[in-house]
Amino acid sequence: MENIPFLDIEAVIAARRPQIDSAIARALGGGLFILGPELAEFERKFAAYCGMREAVGVACGLDALTIALRCLGLRPGDEVVVPAHTFVATWLAILHAGGTPVAAEPAEGGYLPDAERIEAVLTKRTRAVLVVHLYGELGDIANIAALCAARHIPLIEDAAQAHGACSANRKAGAFGVMGCFSFYPTKNLGALGDGGAIVTDDPDLAAAARKMRNYGSSQRYVHDADGYNSRLDELQAAILSVGLERLDADNARRRAIAARYHQALSDIGELRAPAMGEPQSHVWHIYAIRARERDALQEWLARHGCQTLIHYPVAAYRHAPCRAWAPAGESAADRLTREVLSLPMGLHMSDDRIDRVCSIIASFYRMRAQGALP
Ligand SMILES: *Cc1c(COP(=O)(O)O)cnc(C)c1O
């Protein structure tokens, strides 16, 4: 039996190789490799796609988050509310921008904090709320956006896993003052290297971000901010323009894969398949199930040729640079990290492969029920 990889980026590249090759040829022909016409064109198209006035291409998702937070001008002691269960980059950006992270725990039965959990940790020092559309899901974003608006607290979105997710006609990245994206190759919209972007409707924030990505300069030899070198290069911008055209179709296929998983897995009582919710509001960057016997299940899947991953095996605040802000006892995020398991998701997943993954999982629970497994 053929193995089922978690991802197969090579297959995705192969399928669109002619378009990628001609985009690269076009970028090479321009002779300009940084801050040229390919970037300007991609920024225009990506902003329009997100329904925002401006997009600012940067070097990666971490930089998008760091620069967005720095554009708010955090002062020492300023708190930024952030989910406990996320990729560590979300937290590192707050540290880089000089903020104090304040963890919001995942809501019962889900993966993301809801508005209630965010409200519970707001203080007089809260300077921003940084939500994460983890796994591609918008979650309780409408209520969170309303809460932030009512309290006059800037909302920033880490939309690195949610390109194209949509709720009430608003796209991921368009609910707050700034939306931050990563174009790491495995993301729903991926470059063939590092890349990122900030989208915003605020021309002053866009100008500040443009300056920050370019050594604090908006005019040659004038540097009036302590900025970075963080630009999305021409080759990646050209490649991303190809991906952007296919993003909606790719996301539609991810939804179909999730629906097929859901149908087969929701009958297995011992595991929790993710809720399907409003279809457009989830782009299924990751399809994560929850199971108490996660480690044994992962091992069983591996033994039967199916690769899985864990997003993420530890809560963000358990990493060394973030430990000062970790709760003392076991948290909801800690429990989640022991139970989540990400199944193969992406364009390489044929219906046949999905069915095979589900039948390997079903056989695991059958064997357990018969007492044939520990
Ligand atoms: C990928 C990712 C990032 C970081 O993006 P990079 O481009 O790898 O720096 C940040 N947050 C989340 C939720 C991510 O998935």
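The values are calculated or read from the model by the stated rules, or taken from the named source; none is laboratory data. Please read all numbers here as calculations on a predicted model, not as lab measurements. Virtual Cβ from ideal backbone geometry, glycine too; neighbours counted across all protein chains shown. Just the protein is used for accessible areas: all its heavy atoms, side chains included, with ligands, DNA and RNA removed. Shrake-Rupley method; radii C 1.70, N 1.55, O 1.52, S 1.80 Å.
Points worth noting:
- Computed from backbone phi with θ = phi - 60° and the Karplus coefficients 6.51, -1.76 and 1.60, the 3J(HN,Hα) list for the stretch 356-362 is 5, 4, 5, 6, 5, 5, 4 Hz; x is used for glycine and proline.
- Comparing 31, 306, 152 along the charge dipole axis of the chain, the residue lying farthest to the positive side is 152, per the Cβ-charge model.
- For the chain, the longest principal axis of the Cα atoms and the long axis of helix 61-71 meet at an angle of about 50 degrees.
- Column: log10 I(q)/I(0), Debye, Cα scatterers of the stretch 202-351, q = 0.21 Å⁻¹: -1.21
- Hydrodynamic radius (Kirkwood) for the chain, which is based on Cα pairs only, to one decimal in Å: 21.4 Å
- The spacing between the stretch 280-301 and the stretch 129-187, judged by their C-alpha centroids, is 22 Å.
- The charge dipole of the chain, taken about its Cα centre with unit charges on the Cβ of Lys, Arg, Asp and Glu (plus for the first two, minus for the last two), comes to roughly 180 debye.
- Grouping the Cα pair distances of the stretch 115-223 into 5 Å bins from zero gives a pair-distance distribution of 2, 11, 19, 20, 18, 15, 9, 4, 1, 0 percent in increasing distance order.
- At the residue level, residue 180 shows approximately 0 square angstrom of accessible surface with a 1.4 angstrom probe and all protein chains present.
- Carbon/sulfur fraction of accessible area - the chain, other protein chains in place, 1.4 Å, %: 52 percent
- Using θ = phi - 60° and Karplus 6.51 cos²θ - 1.76 cosθ + 1.60, couplings along the stretch 271-282 (whole Hz; Gly, Pro as x): 10, 10, 7, x, 4, 7, x, 6, x, 5, 7, 10
- Only beta bridges with both residues in the stretch 143-251 are counted; by DSSP, about 75 percent of them are antiparallel.
- Candidates 329, 110, 190: whichever shows maximal mean-square fluctuation once the chain is modelled as a Gaussian network with Cα springs under 10 Å: 329
- Cα-only Debye scattering, the stretch 319-374: base-10 log of I(q)/I(0) at q = 0.12, 0.24, 0.31 Å⁻¹: -0.56, -0.97, -1.16
- Think of a 1.4 Å ball rolled over the protein heavy atoms: the stretch 228-355 then has 43 Å² of accessible area per residue.
- Computed with every protein chain present, the accessible area of residue 17 is close to 120 Å² [probe 1.4 Å].
- Kirkwood hydrodynamic radius of the stretch 17-56, from inverse mean 1/r over distinct Cα pairs, in Å: 11.0 Å
- Ranking of 253, 292, 125 by solvent-accessible surface, largest first: 292, 125, 253 (1.4 Å probe, protein heavy atoms only, all chains present).
- Hydrodynamic radius of the stretch 1-86 by the Kirkwood approach over all distinct alpha-carbon pairs: 17.0 Å.
- Charges were assigned to the Cβ only: +1 to each Lys and Arg, -1 to each Asp and Glu. The resulting dipole of the stretch 1-105 about its Cα centre is roughly 360 debye.
- Remark: the stretch 216-226, residue by residue, has Karplus-estimated 3J(HN,Hα) of x, 10, 10, 9, 3, 6, 10, 10, 10, 8, 7 Hz, where x stands for each Gly or Pro and the curve is 6.51 cos²θ - 1.76 cosθ + 1.60 at θ = phi - 60°.
- Test item: Cα-centred dipole of the stretch 148-203, Lys/Arg +1 and Asp/Glu -1 on Cβ, debye: 180 debye
- Among beta bridges that DSSP assigns inside the chain, antiparallel share in %, nearest 5: 60 percent
- Amide hydrogen neighbours beyond the local backbone of residue 6, cut-off 5 Å, H modeled: 307
- Once the Cα atoms are used to define both axes, helix 234-265 deviates from the longest principal axis of the chain by about 30 degrees.
- Axis of helix 141-151 versus longest Cα principal axis of the chain: the two differ by about 40°, to the nearest ten degrees.
- Per the Cα gyration tensor, the stretch 184-228 maps to an equivalent ellipsoid with semi-axes of 25, 14, 6 Å, ordered largest to smallest.
- Exposure of residue 325 as accessible area (Å², to 10), given a probe of 1.4 Å and all protein chains: 90 Å²
- Heavy-atom accessible surface of the stretch 33-184, averaged per residue, reaches 36 Å², computed with a 1.4 Å probe.
- Nearby lysines by direct alpha-carbon distance to residue 45 (threshold 30 angstrom, same-chain neighbours under 8 apart not counted): 171, 187, 211
- With the charge dipole of the stretch 288-361 set up from +1 on Lys and Arg Cβ and -1 on Asp and Glu Cβ about the Cα centre, the Cα lying farthest toward the positive end among the listed residues 348, 361, 289 is that of 289.
- Considering every alpha-carbon pair of the stretch 245-305, the percent of pairs per 10 Å bin, from zero through the bin containing the longest distance, is 20, 44, 28, 8, 0.
- Once backbone amide H atoms are built at 1.01 Å from N, residue 126 has 79 as its partners under 5 Å, excluding neighbours fewer than 5 places away on the same chain.
- Placed amide H near residue 107: partners under 5 Å, 5+ positions off or other chain: 112, 114
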